[in-house]
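Each remark here refers to the structure printed beneath this line.
The values are calculated or read from the model by the stated rules, or taken from the named source; none is laboratory data. Computed from a predicted model, the values in this text were never measured in an experiment. So basically every Cβ, Gly included, is an ideal-geometry build from the backbone, and we count neighbours across all protein chains shown.
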Amino acid sequence: MIGFIPLKGFDMSEYILTLDQGTTSSRAIIFNKKGQIVQMAQQEFQQIYPKPAWVEHDPMEIFSSQASVAASAISKAGINGRNIAAIGITNQRETTIVWDRKTGEPLYNAIVWQDRRTAEYCNSLKEKYSGLIQQKTGLVLDAYFSASKIKWILDNVDGARERAKRGELCFGTVDSWLMAKFTNLRLHATDVSNASRTMLFNIHTQSWDDDLLALFDIPKSMLPEVKASSEIYSQTATTLFASKIPIAGVAGDQQAALFGQMCTEPGMLKTTYGTGCFMVMNTGESPAMSQNNLLTTIAWKIGNKTTYALEGSVFMGGATIQWLRDELGIISDASQSESLAQSVKDNGDVYMVPAMVGLGAPYWDQSARGCIVGLTRGSSRAHIVRAALESIAYQVGDIVAAKIADTGIHVNEMRVDGGAVANNFLMQYQADILNAKVIRPQVLETTALGAAYLAGLAVGYWDDLDSIKALWQAEREFNADMSEDIRLAYSKKWHQAVERAKGWSE
Ligand code: ADP
């Protein structure tokens, strides 16, 4: 019998493709077996603001932009679908889409996580249900999450609720939507990490929660099947890639980044320094419930093992530096902040609290507003810029402290990614304030990398977790170099400044 003899040295499936569907752009990144980026493509899409505080995306544009960057990355790499061993998907979380099960037609635009139209409704539930919701879902009752957005669509689109009751509608977060579209509507599924951001998913039983579905009046038939983060979900339809490719890894963006940073042991944590800062800590196989207003979430499920995480975010991270550039005009680009901060020996006792949109975890004070305190005749723009960078480190430090209080786990090191980690002053100051090592990896596209790892593991592209861990490499480590006395004195001043920012717009 004549068998198929593979060409020597030529592996037909050499790459993993990640679809990274973010809030402002769709990206496709192709990784090789070493976890290096081979090629990428990116496309921004329209942000729709129908009313103040409403934010929508066109689901068709989410899909078409994602399909187009995938095709573009593949063609720029000079390969084709047969060279892709698996697809990983990572996505903006919580954003809510409802579509017709048969036709795939969306009923309404995607309601984006930032959208506040259901804030008042959520506030009305707070007194009675916030404890129940936190206990079941790990989340703080808020309009960010999908539940109240689904309800809004059912209540406000003509005929939607009747159609939902008849089982004609599907709800999905962006991962579900993309999978439905990439499989010609054969698949209606999500992974545990995305499900855990809907505020309808019981993170203890890992199933859709009947009490919460009743509370939000959402028929169960609308909800996707919940799968592991690393398993073969389905093959893509051939209309797009001309060959079937398994979709095999799915995780929400922050969870994917935690995996991409290989924070696979309890106590390991990463912070992404973008517009805001997102810190996520692996807390192991059982959920750590927060006493300090952090979110408990599912990080991923691989095989039958579920890993949980604690999460906290800072609203104004890199955005503080944008504000210095665009509103104050005291720097011309973000990178200039580093040399200016280093041009003075310390902050000259100037502190900035960038509470321009209130304060997030662990303070959760919506009425806080920004302030700069401690100004003297000798204060210069360098001091202000330095205070702005320091404020990012202090805010992240406050979340780490909350995590330590919740888990009792001491933090020795933190892995970092995102645009602002290019700033060496900020990274060193962060290490000093945490009294821990800050590690910047070689591949900063950790979100996309995490989804690629999840997909590659499922199809045997990588043998096991150990072989992936061996790929992760630090680019630079920042070691703490500040005395205990000074750290405590600075932190005390920072917290005094925070007190001055709190409650300002009440
Ligand atoms: P996002 O994904 O949220 O759009 P990015 O990860 O692309 O954000 O990071 C962009 C942010 O990082 C911006 O807010 C910018 O001000 C900040 N940033 C970029 N470079 C630096 C730098 N060298 N120093 C400080 N902040 C920076």
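Summary of values
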| read-out | value |
| --- | --- |
| Region 331-358, residues that are more than 16 Å from the ligand (Cβ to nearest atom) and among the charged types (D, E, K, R) | Lys345, Asp346, Asp349 |
| Residue that is farthest from the ligand (Cβ to nearest atom), among those in region 397-413 that are assigned to a loop (DSSP other than H, G, I, E, B) and either among the aromatic types (Phe, Trp, Tyr) or on the phi < 0 side of the Ramachandran plot (or both) | His410 |
| One residue from Leu328, Leu310, Leu295 being away from the ligand (no atom under 16 Å from the Cβ) and either surrounded by fewer than 19 Cβ atoms within 10 Å (Cβ to Cβ) or more than 26 Å from Asp464 (Cα to Cα) (or both) | Leu295 |
| Residue in region 315-335 that is out of contact with any Leu (no Cβ under 7 Å at 6 or more places or on another chain), farther than 19 Å from Gln430 by Cβ and of a type in the set (A, V, I, L, M) present | yes |
| Region 192-231, subset in a strand (DSSP E or B) and of a type in the set (S, T, N, Q), residue nearest to Met289 (Cα to Cα) | Asn202 |
| Residue tally, condition in a loop (DSSP other than H, G, I, E, B), within 26 Å of the chain's Cα centre (by Cα) and either aromatic (Phe, Trp, Tyr) or at pLDDT 95 or above (or both), over region 140-167 | 2 |
| Residue among Gly318, Gly419 that is under 23 Å from the mean Cα position of the chain (by Cα), closer than 19 Å to Trp494 by Cα and within 15 Å of the ligand (Cβ to nearest atom) | Gly318 |
| Qualifying positions in region 422-440 - within 16 Å of the ligand (Cβ to nearest atom) and surrounded by fewer than 17 Cβ atoms within 10 Å (Cβ to Cβ) | Ala422, Asn424 |
| Residue in region 414-440 that is nearest to Leu465 (Cα to Cα), counting only those that are part of a strand (DSSP E or B) and modelled with pLDDT of 95 or more | Arg415 |
| Residues of region 364-377 satisfying the condition of being within 24 Å of Leu139 (Cα to Cα) and surrounded by fewer than 19 Cβ atoms within 10 Å (Cβ to Cβ) | Trp364, Asp365, Gln366, Ser367 |
| Boolean, Leu457 is surrounded by 17 or more Cβ atoms within 10 Å (Cβ to Cβ) and not aromatic (Phe, Trp, Tyr) | yes |
| Of residues in region 73-89 being β-branched (Val, Ile, Thr) and over 26 Å from Lys151 (Cβ atoms), the one surrounded by the fewest Cβ atoms within 10 Å (Cβ to Cβ) | Ile79 |
| Long-range neighbours under 8 Å by Cβ, at least six apart or interchain, first residue farther than 21 Å from Thr173 by Cα within region 37-61, second part of a strand (DSSP E or B) and among the aromatic types (Phe, Trp, Tyr) | Ile37/Phe31; Val38/Tyr15; Val38/Phe31 |
| Complete set of residues in region 359-396 that are touching a Phe, Trp or Tyr at 6+ places or on another chain (Cβ under 8 Å), closer than 29 Å to Leu294 by Cβ and more than 16 Å from the ligand (Cβ to nearest atom) | Leu359, Ser367, Ala368, Arg369, Cys371, Ile372, Val373 |
